[in-house]
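A.B. asks: Have a look at this one before I ask anything.
The values are calculated or read from the model by the stated rules, or taken from the named source; none is laboratory data. In this text the structure is predicted, and so the values were computed from the model without any measurement. Cβ coordinates were reconstructed from backbone atoms using ideal geometry, including for glycine residues, and neighbour counts include every protein chain displayed.
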Amino acid sequence: MLQLSLTEQIVSVLSAVVLFSSFALLAQVRLVAAVHAFAWQGALVAAVTALMATVGSEPHLYFSAVLTLGLKALLIPWMLHRLIRRLALDRHVETIPYPALVILFGAGLVLFSYWVVLPIERLGFAATRNVIALTLAVVLLGLLMMVVRRQVVSQVIGFMSMENGLFLAAVAATKGMPMVVELGVAFDVLVAAVLFGVFFLQIRESIDSLDVDRLNRLTEAETE
Amino acid sequence: MSSVLPLSGIAVAASLLSGGIALFSARLGRTAAVLSFSLLGVAAIAALVAGSAVLVTGATLSYELPLGLPWLPWRVRIDALSGFFLVLIGAVLMAVVAYGPGYVRQFEHGHNSFAVLGGFSGLFVTGMLLVIVADDAFFFMVAWELMSVSSYFLVAFQHENPANRRAAFLYLLMAHVGGLCILLSYGILAGFGGGFAFDLLRTAQVDANWATAAFVLALLGFGMKAGLVPLHVWLPEAHPVAASHISALMSGVMLKIAVYGFVRFTFDLVAEVQWSWGVAVLAVGSFSALLGVLYALMEHDLKRLLAYHSVENIGIIFIGLGLALIFLGTGHRLLGIIALVAALYHTINHALFKSLLFLGAGAILHTCHERDIQQMGGLLRRMPWTGLFFLVGCISISALPPFNGFVSEWLTFQAALQGFVLDSGVLRSLLPVAAAMLALTGALAVACFVKVFGVVFLGQARSRQVRHAREVSFGMRAGQAWLAILCLLLGVFPTVMVTLMDAIPRQLLGAGLSQATAHGWLWLTPVSAATASYAAPLVLLAVAVAWWLAAMLLRRGGIRQCDPWDCGFSPPDPRMQYTATAFAQPIRRVFGLLFHIDERVETEAGIARHRLRVDDRSWGLFYEPIVRLVQGCARQVARLQSGNARAYLGWSLGTLLVLLWIVS
Amino acid sequence: MDSVLSPAAWLLAGIQALLFTLAAPLLSGWVKKVKSRLQNRRGPPLLQPYQNLWKLFGKEALVAHTASPVFRAAPYIVFSSTWLAASVIPLIATKLPTAAVADVIVLVGFLALGRFFLALAGMDVGTAFGGMGSSRETLIAALAEPAMLMAIFTLTMTAHTTNLSSVVDHTLESSYSLRPSFLFALGAMLLVAVAETGRIPVDNPATHLELTMVHEAMILEYSGRHLALMEWAAQLKLMIYGVLIANVFFPWGIATELNLGSLAIGLAAITSKLAVLGIALAVSETVLAKMRLFRVPEYLNLALLLALLGIFSHVILEVGA
C-alpha cells in the first residue's frame, strides 16, 4: 500500500474522476449531455492544475489552470452548445453498436496503459507514474471515442478530451509545459474549435449530414 | 495398504468382465443385464475403497505389469491424485449401477440390444480406470484410446438416426486430434527425459520454450476432451445422444479424466511451471465458463443444455487450475495449493451433480420420451422424487449454499482474491476481473436452472405424454438419491473432504493445506482464520432452525385451494405459461453479440409462424474456415488424380528419387 | 476467531439479527413517508408496514390448485435465507461470530438462494405474469451480482479479508485517506442496491401495472402469511443493502467493544445513517422515472464499469507496483 500525502490523494481521486468522465463521454449517446461531460472534464483538469500549483508553488500553473477552466470548461463547451442548437442537434441521439463491448474495450485500454507505463521509474511525486497511466488511458479513450462515433461533433469532443489527457500528463509529470508551449496549445485548441464550427456548417451544406460515414463517398474507388 | 493394488485390479477386471457378460445378453436375457451391472457395482466399490485408502494413508504404490512392449513394460502407479479420481469414478459408477437396470429395460427388445451397450460400457469404464493408474505415456495413450473408442460406440449406439451418426463421427474426429496433441506433448517431454515412463518425464530437464510447446499441446489435447471453448463443439452433440446413464458417465466422469490428465501433466510431470501458462488457462477457463452458461441458457433440449453446462463447469475448474499455475509460477506455493484444491473440489462436485442431473433427465426421457423442455411442465407432482433430486442438482450446480457447488466456487473466489500478493500490477487487476466473470457465470447459472426447473417441473404440463408421466422405478430413484445425498454431504462437510484431499498437494507440490482445517472440522479457513472462514454445518443448522421457527410460528391459519388469481384474467391454461424461449429472451437480447441468431416471421397461407434459431458462434468462427481450408487443399491435391496410370507411376518414381536423395 | 467462543458475542449477534428483522419494516415505512412528503402527500403512518404484516399474518392463505409444494415452501426459504444474510452483517457492533460463520461471499450466496426460490415460486402456478417476473428478476440479478461482488472485492482487497466484520474494523483502524476506489465502489454499490431491492428506476414496488412489474409479478399469487413473509423478506433486503452501504463505507460510530455505552452509540449511529440513506432513496425515487426493461442492462453496465474502475484505481493508484 502506498502512503500518500493528502495532496497526492486528492490528485489521485481527481484524476480517477477524469478517467470516469472519459468513460462517460464514450458511452453518452446524447450530444448535449456529452458536451456537459466534456465541460466537467475540463473543470476537473483545471482543478488538478490549480492544486499542483499550490503544492509546487509554481505560479505559472495558476495561469494554466485559469486558462484551462476558461477555455475547456466554459468557452468551448459554450461554443459547441451554440453550434448544436444552430444545427438543431439538441435532441440528437447517436446509436453506438454494442456499447457494452466498447466500454469493455475501454477498460482493456486502461489496463494496457498501466502495463505500458509500468517500466517508468518512480519520480519525485509518488503518485505520478500511476497518474500518468490514467492520463494515457484518457488519451486512448479519446481516440477510441473518435473511432466509434459517427457524429462529427462527438468526434471533436473526443479530440478535445485527448488534449485534456495530454495536458494532465504534462501537469502531473513535469509540473506543466513551458509557458509558451502551453499558450500555443491553448490557442491551437481554440482555433481548432472555431475552425471545426465553420467546417461543420460547410459539411452540412455540402452533404446535408454530419455523419462522417457519409464522407466515404469522397473516396476515389467506387464502393457502391 | 497392500490391498490397494489388488483392489484396483479387481475394479478393472470386474468392469472388463461386465462388458464380456453383456455380450451374452442374447442368450441370457435379462440376467445378463443384472449380472453385468452387478459386476460394475463390484468395480465401483473396489475403486471407492482403493481410492479412499490411498487418500487416507497418503501412500504411493507402483507395480510393473507383465504386459506391454519388451523394452517398455506397462507400469501402474497409484498415488493420492489417482486415488482421488478412483473415488470419483466409484461414486458416480455406484449411482449408474443402481440406475442402469431400470433404464436399459427399454433396450431389451428391438435391435438396439443390450449386448452392444453393456459391452462397450464395460470397456469404457475399464479404459477410464486404466488411464487413472497408468504410469507411463505409452500405457496412458493405450488406455486413453480405449476410453475414446469405446465411448464412440456408445455415442453411436442409436445409429439409425443420422444426427447421432454425425455426432459420433465428430466426436471420434475431435477425440483423435486431441489424442494426437497429447501424444506429441508427451513426445516432447520424452525427448528430453529419454523414455516414456512418467518417472523419466518428471526428471527431464526441459528447455523453457519446449516446455511451453508441450504445455500448449497438452492444453489443446486435454482441453479438447474436457470441452474447453472453442474446442467444445463435439460435446453438446455427442453427450446427449448416448443413453442417459452413459451421458452421466461421459459428462460426469470422462471429462474429469481429461482434467486428471491435465493436472497430471502440468502439476506432476512438468518440473517448472510458468505463470504465463496460468494466464492462458485462466482466460480460456473464464471464457468457457461464460459462453458455456450462455449457450446453455439458449438451449431447450434438456440433455444438450446439460452438456453445455458441462462446458461451463469445466471452465470453472480451469479457472481454478489457471489460478494455481499463476500462483505456483510466481512462487506463491500455498496459494497455488488452495487454487488446485478448489479446482479438484469442483471436479468431484461437478461429477456428482452433473451425473445427478443427467440421470434425472434420463428419468424424464424414460417416462415421457421427450427431451424438449418446451413440451414439459408440472412434472414435480407426477414425479415427486425425481423432482426433489433434480432440485438438489439444480441448487448444487447453481452454486448456492449450503450445497457442494458453492463450496468449491467459494474456494476459487478465495484464491482469486489473494491476487494482491502478486508483483505484477496487471495480473493483480486481472484476477478480480476473472473472479467477476465467475460471479457472472454463477448468476447466469441460477437463471438457467430457474428456467429448467421452472419449465420442466413447475407449472402445468404442455403436452399429452408429459401429462401421463409416472414416477420411475425404485432403482432409478436410488441412483439419484445416492448422488443427491453426496451433493449435500460434500456441501456441509467441506473440511472432511479437504482433509482427505490434503495428500494430493502434499505429494505433487510438497506441502499440504493443513491451515484450511486447522480450526476443527467446523471451520474451513483456506488462507487463515483472519482472512476468511466458512462454517457450512452451522449454515445448514441456521437454515433449518430459521425454517423451523417460521413454520412453528405460522402453523395456525388454514390453507384454502383456489383458482390462480393472475390479475383476474381468464383462468390460465398451459399454453399461456411462460416458455423457456420467452424466459431466456431478455438474456438473449442483452448478450446478442455472442450468439448467431436467426429469427424471422414466415407467413404461409395467412398463418404467421415465428421461427427462432440460436446457434453457437464457434462453428462459424473457428471450424468453418478450417473446413474450407481442408476442402480447398483437398481440391488442390485432387489435381494429382489424373486417372492416367503412367502419371501415377511417374509420381512413384519422383517420390523414390526424392527419398533416395534424402537418405544418401 | 476468538469471538466465536464467547457466549456474549453470540448473544449480541442474536440480538442484532432480531433487531435487523424487526427494524426492516420501519425503514421501508420511513422511505414511504419521506417520499409522500416530497410529493406533497401526507403518506401512511410510519408504522403502517407493521400493521400490514400483522394483518396478513392473521389471514387465511390461498393457494392455487395448480401450485406445487415449492410454492408453499418458497416463502419460508426466501425469508430464512434473507434473514441469514442479514445476520452476517455488523449492524451496531463489529467482531461478530456470525461474520466468521459466513463471509461476504456466502452472504451473496444466501441472497442468491432466496432469489432462486423466489423466481421458482413465480413460475410455479403457471401464469404468464409469474414467468415474466422471474425472467426479468434473473436477468437483473445476473448483471447486478458481478457488479456487487466486484465492488465488494475492491474493499476486501484493501482489507485483505472477506469477513465483513474485519473489513469494517480495518476501515476504522486504518488512517483516514481519500481513496478513489472507495468512491467508485460506493457508486457501484448504490446502483446495485437500487436494482436489487427493486426500487425506481429499475422496478417500482408500488406498481400493479401488469407489464412493468418485476418483484410484484413473482409474488402475485401469494396471500396471507405467505405474502407477509415475502414482503418482509423484501423489506429485509432493503435494510441489508442500506446497512451494507452505511456500515462498510461509512463505519464510523459502530461499536467495536462490547459495553453498553458504545453499543448505544452504535445504535444511534446506524439509525441516523439509515435515516439519511432513506431520505436519499426517497429523493431519487421522486425525481427519477422508471426505465424501460431494456434500459436496465445499460444502467447495470454503468454499475459494472464503476466497479471495474474501482478495482483498477485500487491497483493502479493505491497499491503502486
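A.B. asks: Six or more apart or on different chains, Cβ under 7 Å: which pairs go from a residue in segment B:180-207 that's within 17 Å of B:Met141 (Cβ to Cβ) to one that's surrounded by fewer than 16 Cβ atoms within 10 Å (Cβ to Cβ)? Could you list them?
C.D. replies: Pairs found: B:Ile188/B:Trp210; B:Ile188/B:Ala213; B:Gly193/B:Thr203; B:Phe196/B:Leu72; B:Leu200/B:Gly194.
A.B. asks: Consider A:Ser154 against the criteria (1) within 14 Å of chain C (Cβ to nearest Cβ); (2) touching a residue at least 60 places away in the same chain (Cβ under 8 Å); (3) not aromatic (Phe, Trp, Tyr): it satisfies all of them except one. Which criterion is unmet?
C.D. replies: Going through the list (1) within 14 Å of chain C (Cβ to nearest Cβ); (2) touching a residue at least 60 places away in the same chain (Cβ under 8 Å); (3) not aromatic (Phe, Trp, Tyr), A:Ser154 breaks only (1).
A.B. asks: Any residue in segment B:357-380 that is farther than 17 Å from B:Leu305 by Cα sitting within a Cβ distance under 8 Å of a residue that is of a type in the set (Phe, Trp, Tyr) and assigned to a helix (DSSP H, G or I)? List the pairs, counting only those 6 or more apart or interchain.
C.D. replies: B:His366/B:Tyr103; B:Gly378/B:Phe457; B:Leu379/B:Phe457; B:Leu380/B:Phe457
A.B. asks: Where in segment B:433-516 are the helices (runs of 4 or more DSSP H), entirely inside, with at least 1 residues that are within 24 Å of the chain's Cα centre (by Cα) and free of Cβ contacts under 8 Å to residues at least 12 places away in the same chain?
C.D. replies: Qualifying helices (runs of 4 or more DSSP H): B:474-492.
A.B. asks: Just a yes or no: is a residue in segment B:518-529 in a helix (DSSP H, G or I), more than 7 Å from chain C (Cβ to nearest Cβ), in contact with a helix residue (DSSP H, G or I) (Cβ under 7 Å, 6 or more places away or on another chain) and of a type in the set (Ser, Thr, Tyr)?
C.D. replies: Checked against the condition, which is being in a helix (DSSP H, G or I), more than 7 Å from chain C (Cβ to nearest Cβ), in contact with a helix residue (DSSP H, G or I) (Cβ under 7 Å, 6 or more places away or on another chain) and of a type in the set (Ser, Thr, Tyr), segment B:518-529 yields no hits at all.
A.B. asks: Going residue by residue through segment B:538-546, is there one that turns out to be touching a residue at least 60 places away in the same chain (Cβ under 8 Å), away from every other protein chain (no Cβ under 11 Å) and surrounded by 13 or more Cβ atoms within 10 Å (Cβ to Cβ)?
C.D. replies: No: zero hits.
A.B. asks: Here are some conditions: (1) farther than 18 Å from C:Tyr241 by Cβ; (2) modelled with pLDDT under 85. C:His160 meets all but one. Which one does it not meet?
C.D. replies: The number of the failed condition is (2).
A.B. asks: Of the residues that sit in segment B:419-432 and are under 21 Å from C:Thr161 (Cβ atoms) and at the interface with chain C (Cβ under 7 Å from one of its Cβ atoms), which one is surrounded by the fewest Cβ atoms within 10 Å (Cβ to Cβ)?
C.D. replies: Here the residue is B:Phe420.
A.B. asks: Filter segment A:98-117 down to residues that are of a type outside the set (Gly, Ala, Ser) and free of Cβ contacts under 8 Å to residues at least 12 places away in the same chain and give me whichever is farthest from the other protein chains (Cβ to nearest Cβ). So that I can check it myself, show each step before the final result.
C.D. replies: Within segment A:98-117, the first condition is being of a type outside the set (Gly, Ala, Ser), and the residues that meet it are A:98-99, A:101-105, A:109-112, A:114-117.
Now restrict to residues that are free of Cβ contacts under 8 Å to residues at least 12 places away in the same chain: A:98, A:101, A:104, A:111, A:115.
Details: A:Tyr98: 6, A:Leu101: 7, A:Leu104: 9, A:Leu111: 6, A:Trp115: 5 Å.
Among those residues, the one meeting the criterion is A:Leu104.
A.B. asks: Could you name every one of the helices (runs of 4 or more DSSP H) located completely within segment B:352-431 that has at least 2 residues being within 27 Å of B:Ser286 (Cβ to Cβ), more than 25 Å from the chain's Cα centre (by Cα) and at pLDDT 95 or above?
C.D. replies: none
A.B. asks: Sticking with this one: Tell me yes or no: at least one residue of segment C:196-219 is in contact with a Phe, Trp or Tyr (Cβ under 7 Å, 6 or more places away or on another chain), part of a helix (DSSP H, G or I) and at pLDDT 90 or above.
C.D. replies: Yes, segment C:196-219 contains a residue that is in contact with a Phe, Trp or Tyr (Cβ under 7 Å, 6 or more places away or on another chain), part of a helix (DSSP H, G or I) and at pLDDT 90 or above.
A.B. asks: Just need a number here: residues in segment A:32-46 that are in contact with a helix residue (DSSP H, G or I) (Cβ under 8 Å, 6 or more places away or on another chain) and within 14 Å of chain C (Cβ to nearest Cβ). Don't jump to the end; show me each part of the working.
C.D. replies: Keep residues of segment A:32-46 that are in contact with a helix residue (DSSP H, G or I) (Cβ under 8 Å, 6 or more places away or on another chain), which gives A:32, A:34-46.
This time we only want the ones that are within 14 Å of chain C (Cβ to nearest Cβ), so: A:37, A:44.
Count: 2.
A.B. asks: Sticking with this one: Being within 7 Å of chain B (Cβ to nearest Cβ) and either in contact (Cβ under 8 Å) with a residue 60 or more places away in the chain or out of contact with any strand residue (DSSP E or B) (no Cβ under 8 Å at 6 or more places or on another chain) (or both) narrows it down to one of C:Gly114, C:Gly133, C:Gly122, C:Gly109, so name that one.
C.D. replies: When all the criteria are applied, what remains is C:Gly109.
A.B. asks: Any residue in segment A:10-31 that is among the polar types (S, T, N, Q), at pLDDT 80 or above, surrounded by 16 or more Cβ atoms within 10 Å (Cβ to Cβ) and part of a loop (DSSP other than H, G, I, E, B)?
C.D. replies: Scanning segment A:10-31 turns up at least one residue that is among the polar types (S, T, N, Q), at pLDDT 80 or above, surrounded by 16 or more Cβ atoms within 10 Å (Cβ to Cβ) and part of a loop (DSSP other than H, G, I, E, B).
A.B. asks: Could you tell me whether B:Gln577 is touching a residue at least 12 places away in the same chain (Cβ under 8 Å) and crowded, with 17+ Cβ neighbours inside 10 Å?
C.D. replies: Details: touching a residue at least 12 places away in the same chain (Cβ under 8 Å): yes; crowded, with 17+ Cβ neighbours inside 10 Å: yes.
Yes; evaluated as a whole, the condition is true for this residue.
A.B. asks: Just to be sure, is B:Phe406 surrounded by fewer than 24 Cβ atoms within 10 Å (Cβ to Cβ), within 7 Å of chain C (Cβ to nearest Cβ) and out of contact with any Cys (no Cβ under 8 Å at 6 or more places or on another chain)?
C.D. replies: No: the conditions fail for B:Phe406.
A.B. asks: Same structure again: Under 8 Å by Cβ, and 6 or more places apart or on different chains, what pairs join a residue from segment C:282-311 that is facing chain B (nearest Cβ under 9 Å) and within 29 Å of C:Asn40 (Cα to Cα) with one that is crowded, with 16+ Cβ neighbours inside 10 Å and among the hydroxyl-bearing types (Ser, Thr, Tyr)?
C.D. replies: none
A.B. asks: Condition check: at pLDDT 90 or above and touching a helix residue (DSSP H, G or I) at 6+ places or on another chain (Cβ under 8 Å). Does C:Leu309 satisfy that? Show your work before the answer.
C.D. replies: Details: at pLDDT 90 or above: yes; touching a helix residue (DSSP H, G or I) at 6+ places or on another chain (Cβ under 8 Å): yes.
So C:Leu309 fits the description; yes.
A.B. asks: Filter segment A:1-31 down to the residues that are among the β-branched types (Val, Ile, Thr) and farther than 23 Å from A:Ala186 by Cα, then identify the one that is nearest to the other protein chains (Cβ to nearest Cβ).
C.D. replies: Taking the candidates together, the pick is A:Val13.
A.B. asks: Name the residue, out of B:Leu444, B:Leu440, B:Leu488, B:Leu500, that is buried (at least 24 other Cβ atoms within 10 Å of the Cβ), modelled with pLDDT of 90 or more and touching a Leu at 6+ places or on another chain (Cβ under 9 Å).
C.D. replies: The unique qualifying residue is B:Leu444.
A.B. asks: Would you mind stating whether B:Met476 is touching a Phe, Trp or Tyr at 6+ places or on another chain (Cβ under 8 Å), more than 9 Å from chain C (Cβ to nearest Cβ), surrounded by 23 or more Cβ atoms within 10 Å (Cβ to Cβ) and farther than 30 Å from B:His519 by Cβ?
C.D. replies: Spelling it out, B:Met476 is indeed touching a Phe, Trp or Tyr at 6+ places or on another chain (Cβ under 8 Å), more than 9 Å from chain C (Cβ to nearest Cβ), surrounded by 23 or more Cβ atoms within 10 Å (Cβ to Cβ) and farther than 30 Å from B:His519 by Cβ.
A.B. asks: Pick from C:Leu274, C:Leu263: which is over 16 Å from the mean Cα position of the chain (by Cα) and either crowded, with 16+ Cβ neighbours inside 10 Å or part of a helix (DSSP H, G or I) (or both)?
C.D. replies: Just a single option satisfies the conditions, and that option is C:Leu263.
A.B. asks: Quick one: count up the residues across segment B:553-577 that are part of a loop (DSSP other than H, G, I, E, B) and either within 18 Å of C:Leu220 (Cα to Cα) or at the interface with chain C (Cβ under 7 Å from one of its Cβ atoms) (or both). Show your work before the answer.
C.D. replies: Initial filter on segment B:553-577 (part of a loop (DSSP other than H, G, I, E, B)): B:554-558, B:563-565, B:569-573, B:577.
From what is left, the residues that are either within 18 Å of C:Leu220 (Cα to Cα) or at the interface with chain C (Cβ under 7 Å from one of its Cβ atoms) (or both) are B:554, B:557-558, B:563-565, B:569-573, B:577.
Count: 12.
Conditions (1) assigned to a loop (DSSP other than H, G, I, E, B); (2) under 22 Å from B:Val407 (Cβ atoms); (3) at the interface with chain B (Cβ under 10 Å from one of its Cβ atoms); (4) in contact with a Leu (Cβ under 6 Å, 6 or more places away or on another chain), marked per residue:
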| position | (1), (2), (3), (4) |
| --- | --- |
| C:Lys55 | no, no, no, no |
| C:Lys59 | yes, no, yes, no |
| C:Val63 | no, no, yes, no |
| C:Pro75 | no, no, yes, yes |
| C:Phe79 | no, no, yes, yes |
| C:Lys95 | yes, no, no, no |
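A.B. asks: Check whether at least one residue in segment C:213-223 is among the small types (Gly, Ala, Ser) and out of contact with any strand residue (DSSP E or B) (no Cβ under 9 Å at 6 or more places or on another chain), and report yes or no.
C.D. replies: Scanning segment C:213-223, I find at least one residue that is among the small types (Gly, Ala, Ser) and out of contact with any strand residue (DSSP E or B) (no Cβ under 9 Å at 6 or more places or on another chain), so the answer is yes.
A.B. asks: Just to be sure I understand the filter: pairs with C-beta atoms under 7 Å, separated by 6 or more residues or on different chains, first member in segment A:1-21 and among the hydroxyl-bearing types (Ser, Thr, Tyr), second member surrounded by fewer than 21 Cβ atoms within 10 Å (Cβ to Cβ) and modelled with pLDDT under 85. Which pairs pass?
C.D. replies: Listed by first residue and then by second, the contacts come to A:Thr7/A:Val55.
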